[in-house]
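Chemist: Questions regarding the structure given below will be posed in turn.
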Amino acid sequence: MPVKTLIAAIFLFGITSASAAQPAPLVEAEGTQLRVTLADGRVLHSPELIGATLLIATADGGAVRARLDALEADPDDKTGKVWLHSFSAQDKDGAWQPLCMPGPDKRQQGFPLAGRARADGSVAAAPSTELELVCTSGARGKCVRFGYHPWENARDGSPMLPLYNACMRMVRADYGGNDHPYTRNGMTIDIYDDLDVQKLDAGEAMPFEAGWSEQGAVCLAHPRVPENGSLADIASANPHLAGHLGPEACTEEKARALGAVLFNRSAASR
């Protein structure tokens, strides 16, 4: 099942019914919670929707029934704004299975997130009614949990969405900004930015990898997984990075001068 799923309708069994005569509830994303406005004016949020069954349209044009089974505050989130939803999906045999695949932390959770996915792998701002269910095992979910909340402004008043998009590029090692990842699961990376959403881990002695904007890497010191693409391979596939590849051409200072808003260090795989 595709990870990206768009909510098409919601049926709240025991609260309302899917009657043709009854207007469909208004479903929105409010941060990482669902917000549902019923025909009678009542407004319900995720804690009040546990047990609700949703009809969702999948990225491949199909549809599936999903159920909200549980909800918890993200224990790693210091802001109190990230809520982890346990969704299950009904398969063809009627059995319920977790909607999300497990991530490195073994969690199989996700949350709704407003935004419009672009073909290049980035996300555009969208009304709260345009939302997807994203899983914590994927780049979109990971970057929210890292603190890059695309619905908010950063502490300097600037929109957080460019940082969020840069984070997704970084997580996937999407150097060219064309939704072509060069990473693999299980790689260790150290992320940091100038707004201190994420800070450099002083205990990690990994070399500088790249500086990132929402369009991809602005420069690349070394590929994270060389067997997935050497510097020569990446240069050939991404001519716009010419002159900005290699440890001398890409330092934190040079990346910042090229417009990077996010930086990372990594140990190249062997």
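Every read-out reported here was derived from the displayed coordinates using simple, explicitly stated rules and does not represent laboratory data. Just so it is clear, the model here is predicted, and its values are computed rather than measured. Note that each Cβ is placed from the backbone with ideal geometry, even for glycine, and that neighbours are counted across all protein chains shown.
Chemist: Please identify, among ASP174, ASP156, ASP194, the residue showing maximal mean-square fluctuation in a Gaussian network model of the chain using a 10 angstrom Cα cutoff.
Modeler: Top of the fluctuation ranking is ASP156.
Chemist: A further question follows. Would you list, by chain and number, the lysines whose Cα falls below 22 Å from the Cα of LYS92, excluding same-chain residues fewer than 8 positions away?
Modeler: LYS4
Chemist: What aspartates and glutamates does LYS81 reach when the alpha-carbon gap must be under 13 Å and sequence neighbours fewer than 8 apart in one chain are set aside?
Modeler: Output for LYS81: GLU30, GLU72, GLU152.
Chemist: Still on this model: Among the aspartates and glutamates, select those whose C-alpha is under 16 Å from the C-alpha of LYS254, and discard any that sit fewer than 8 residues away in the same chain.
Modeler: ASP193, ASP194, GLU209
Chemist: Going highest first, how would you order 142-154, 245-257 by mean Cβ packing within 10 Å?
Modeler: The most tightly packed comes first, giving 142-154, 245-257.
Chemist: What's the center-to-center distance, using Cα atoms, between segment 171-197 and segment 85-105 in Å?
Modeler: 26 Å
Chemist: Based solely on C-alpha atoms, express the radius of gyration and the Dmax of segment 153-270 in angstrom.
Modeler: 13.2, 41
Chemist: Mind computing the radius of gyration and Dmax over the alpha-carbon atoms of the chain? Å is fine for both.
Modeler: In order Rg, Dmax, the Cα atoms of the chain give 20.1, 67 Å.
Chemist: Also, quick follow-up: Report the local net charge at ILE234: Lys and Arg +1, Asp and Glu -1, summed over other residues whose C-beta lies under 14 Å from its C-beta.
Modeler: Net charge in that neighbourhood comes out at -1.
Chemist: Could I ask something else about it? Connecting C-alpha atoms closer than 10 Å in a GNM of the chain, tell me which of GLU214, GLU130, GLU72 has the biggest fluctuation.
Modeler: Of GLU214, GLU130, GLU72, the most mobile in the Gaussian network model is GLU72.
Chemist: Could you identify which residue out of ALA124, ALA173, ALA139 has the top mean-square fluctuation in a GNM of the chain using Cα springs shorter than 10 Å?
Modeler: Per the Cα network of the chain with a 10 Å cutoff, ALA124 tops the list.
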